[in-house]
Amino acid sequence: MKLGVNIDHVATLRQARGTVYPDPLDAAILCARAGAHGITAHLREDRRHIQDDDIFRLKELQPLPLNLEMANIESIVEIALNVKPAEVCLVPEKRQELTTEGGVDVIAHFDAIKSTVQSLSEAGIEVSLFVDADETTIAACKDTGAPTVELHTGSYCDAEPNDRAIHMEQLIRAADLAHSLGLKVNAGHGINQENLGGIFCVPHLATLNIGHSIICRAVFHGLEISVKEMLVGMLEYEG
Ligand code: PXP
């Protein structure tokens, strides 16, 4: 099973201060050094974290395959066709949401999704559809021509431990169906060190895309050394 690291929230920190750091490109290079298999970045319509320029730099200047998450919006599809990331994951997007709240409604938007899958695929981009673990939706994914689905694990990960079984059953059924239809099965959203073991019950997983929990842990892994470095810097004071 491969790990794609979503580095959006490095850009969130940068955008919070309007600085040029921390740079998601530097984060991607560190992820590659640590052994990650891919980099995921979500170019949102409101550009709240990742910017257009980040996507171009992440494609060209770091060694891992780039998975561009995006809504099915013409202007962003155009960017994807210019950048040609290894993979595009189509996600739904609402302006007010804190994060991607649900999967794409492939049935309601079937024609538009099928057409985008076709143009991206013709450009050599692997298309993945981020969907809820729902069997009718999975069947529709197959009909769009997309080779991959990413199962939304948020409902499972965010549920109280006692309520997780029902969500896991849905994930297992969806993964089995997707696999039987010849679709590659990825998963993501809300995965952290605590619930990772539970995710292992889902069969056929190719890649986990994980962001928020890794960036959160990185803050604490780096905090002690960062404080020490500042204290060392302050030793220079001679006043
Ligand atoms: N996969 C998709 C399609 C997402 O939209 C996100 C969140 O941007 C993730 C994976 C990563 O989720 P998290 O940040 O909760 O690990």
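The values are calculated or read from the model by the stated rules, or taken from the named source; none is laboratory data. Here the structure is a predicted model, which means the values were calculated and not measured. Methodologically, a virtual Cβ is constructed for each residue, glycine included, from the backbone with ideal geometry; neighbour enumeration extends over all protein chains shown. The protein model used for the area step is the full one, side chains on, heavy atoms only, and it has no ligands, DNA or RNA in it. Shrake-Rupley method; radii C 1.70, N 1.55, O 1.52, S 1.80 Å.
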Scan region 20-28 and give yes if some residue there is within 20 Å of I215 (Cα to Cα) and β-branched (V, I, T), otherwise no. yes
Quick check on my filter: what residues within region 202-230 are within 16 Å of the ligand (Cβ to nearest atom) and part of a helix (DSSP H, G or I)? H212, S213, I214, I215, C216, R217, A218, V219
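Matching residues to (1) under 13 Å from the mean Cα position of the chain (by Cα); (2) open to solvent by 40 Å² or more (accessible area, probe 1.4 Å):
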position: D8; (1), (2): yes, no
position: G18; (1), (2): no, yes
position: I29; (1), (2): no, yes
position: H42; (1), (2): yes, no
position: Q62; (1), (2): no, no
Among strands (runs of 3 or more DSSP E) entirely inside region 1-110, those with 1 or more residues being among the basic types (K, R) and within 15 Å of the ligand (Cβ to nearest atom) are 2-6
Yes or no: region 48-67 includes at least one residue that is touching a residue at least 60 places away in the same chain (Cβ under 8 Å), under 23 Å from I214 (Cα atoms) and acidic (D, E). no
Looking at (1) of a type outside the set (G, A, S); (2) closer than 30 Å to S115 by Cα; (3) open to solvent by less than 50 Å² (accessible area, probe 1.4 Å); (4) touching a helix residue (DSSP H, G or I) at 6+ places or on another chain (Cβ under 9 Å), which one does N67 not meet, given that it meets all the others? (4)
Residues in region 95-102: is at least one at positive phi and surrounded by fewer than 14 Cβ atoms within 10 Å (Cβ to Cβ)? no
